[in-house]
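Here's the structure, in structure tokens; my notes come after.
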Amino acid sequence: MPAPHTHRVPLTPSTTTALHTDGIDLRWAHTPPGHLLRLPAPLLAATVAHAYHRTRDDATVLAARAPLGPS
């Protein structure tokens, strides 16, 4: 088993990041509907997985929102 790779991505507060497998069609990222980008992270992941999955491949989406900053 190869060693896992890690990457750090700096995010500004309240930025949402979405990671997905190749089972998700890239159309969602190239021309995302405006309402999709306003969804909370859990709903964004579920909507992309449901609406943009390829029928002959597995599909996984992970969406996470950066915290607003120190409390």
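The values are calculated or read from the model by the stated rules, or taken from the named source; none is laboratory data. Source: prediction; values computed, not measured. Cβ placement follows ideal geometry from the backbone for every residue including glycine, while neighbour counts extend to all protein chains displayed. Please note that ligands, DNA and RNA were not included when accessible areas were found on the heavy atoms of the full protein model with its side chains. Shrake-Rupley method; radii C 1.70, N 1.55, O 1.52, S 1.80 Å.
Within the shell of other residues whose beta carbon sits under 13 angstrom from the beta carbon of Leu44, the net charge comes to +2, with Lys and Arg scored +1 and Asp and Glu -1.
Mean projection of the Cα convex hull over all viewing directions, computed for the chain: 6.6 nm².
Working note: Karplus 6.51/-1.76/1.60 with θ = phi - 60° gives the stretch 34-39 the couplings x, 5, 5, 6, 8, 6 Hz, where Gly and Pro are set to x.
Here the chain has 61 percent of its accessible surface on carbon and sulfur atoms, given a 1.4 Å probe and all protein chains in place. Farthest toward the positive end of the dipole of the chain, out of Ala29, Ala3, Leu39, is the Cα of Leu39, where the dipole comes from beta carbon charges about the Cα centre. Backbone amide hydrogens, once placed in the peptide plane, bring Thr21 within less than 5 Å of Thr60, excluding anything fewer than 5 places away on its chain.
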